[in-house]
1. Taking the Cβ-Cβ separation of residue 33 and residue 69 as r and a Förster radius of 35 Å, what is the calculated FRET efficiency to the nearest 0.05?
2. Out of the total accessible area of region 36-81 (probe 1.4 Å, heavy atoms of protein only), what percent is carbon and sulfur?
3. Using only the Cα atoms of region 74-115, what do you get for the radius of gyration and for Dmax, in Å?
Amino acid sequence: MSNPYTGSVASALRKAQLILQSPAPGEVEVADTQQALRETALQEAALMQLWRAYKAFLAEQGQQLQLGFRAGGEPDTAQALAQLVSARGKFSAEVNELVSLSENPDSWFQGMQAAWEALWRPAGAEVAQSEGAIGVQSLIPVQQLDRAAPEPLSRDLLMKWLRALNELVVRQRAHGQEW
C-alpha cells in the first residue's frame with residue numbers, strides 16, 4: 001500500500017536542502033540593503049519547508065497506522081496523533097517518540113517549533129493577550145517564561161534541524177519496514 005504523504009515529506013526536505021544550499025547573499029551581486037532581506041527570506045523559506053515536512057510526516061505516520069483521517073483532517077501535533085492512535089486502540093513507538101521529542105525542552109524540535117511559532121506571532125501579541133486588552137502598554141517588560149525564546153535563524157541552525165528531521169524520518173521509516 002502506498003502512502004500519499006511520503007512524497008510530500010521527501011519533497012519538503014529536499015526543498016529545504018536546496019534553499020539552504022543556495023548561494024549566500026554575499027556570493028551574489030546584490031545591494032547591501034537587499035542582502036539581509038534575501039537571507040532572511042531564504043531562512044524563513046527553509047523553515048517553512050522543514051515545518052511542512054514535519055507536518056506531512058505526522059500525516060504519513062497516521063496513514064501507516066491506518067487511522068483513517070480524511071484529507072485536511074491530518075493531526076497538527078504529535079500529541080493529536082497520539083490521541084488518534086490511542087482512540088483506535090493501537091500503539092506506536094514511533095508516535096511516542098514524536099510526542100517525547102515535542103515535549104522535551106532540550107530537543108532540536110523545540111527550537112524549530114519556537115522559530116516557526118515566532119514567524120506567525122506578532123511582536124507583543126503575548127503581552128496583549130495576557131493583559132486582556134489591546135492597546136495597554138506596560139513600562140515593565142514582560143517575558144513569557146513557559147515558552148523558550150527562539151534562537152535567531154541561521155543557515156547552520158536550519159541545516160542542523162534539516163539533518164535531525166531527516167534522520168528521524170529515515171530511522172522511523174526503517175523501523176516501520178522491519179515490521
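The values are calculated or read from the model by the stated rules, or taken from the named source; none is laboratory data. From a predicted model like this one, the values you see are computed outputs, not experimental measurements. No Cβ is skipped: glycine too gets one built from the backbone with ideal geometry, and neighbour counts run over all protein chains shown. The area values use the complete protein model at the heavy-atom level, side chains included, leaving out ligands, DNA and RNA. Shrake-Rupley method; radii C 1.70, N 1.55, O 1.52, S 1.80 Å.
1. Values: r = 46 Å, r/R0 = 1.31.
My answer for the efficiency is 0.15.
2. Numbers: 1060 of 2020 Å².
Whole-percent figure for carbon plus sulfur exposure: 52.
3. Here Rg and the maximum Cα pair distance are 10.9, 34 Å.
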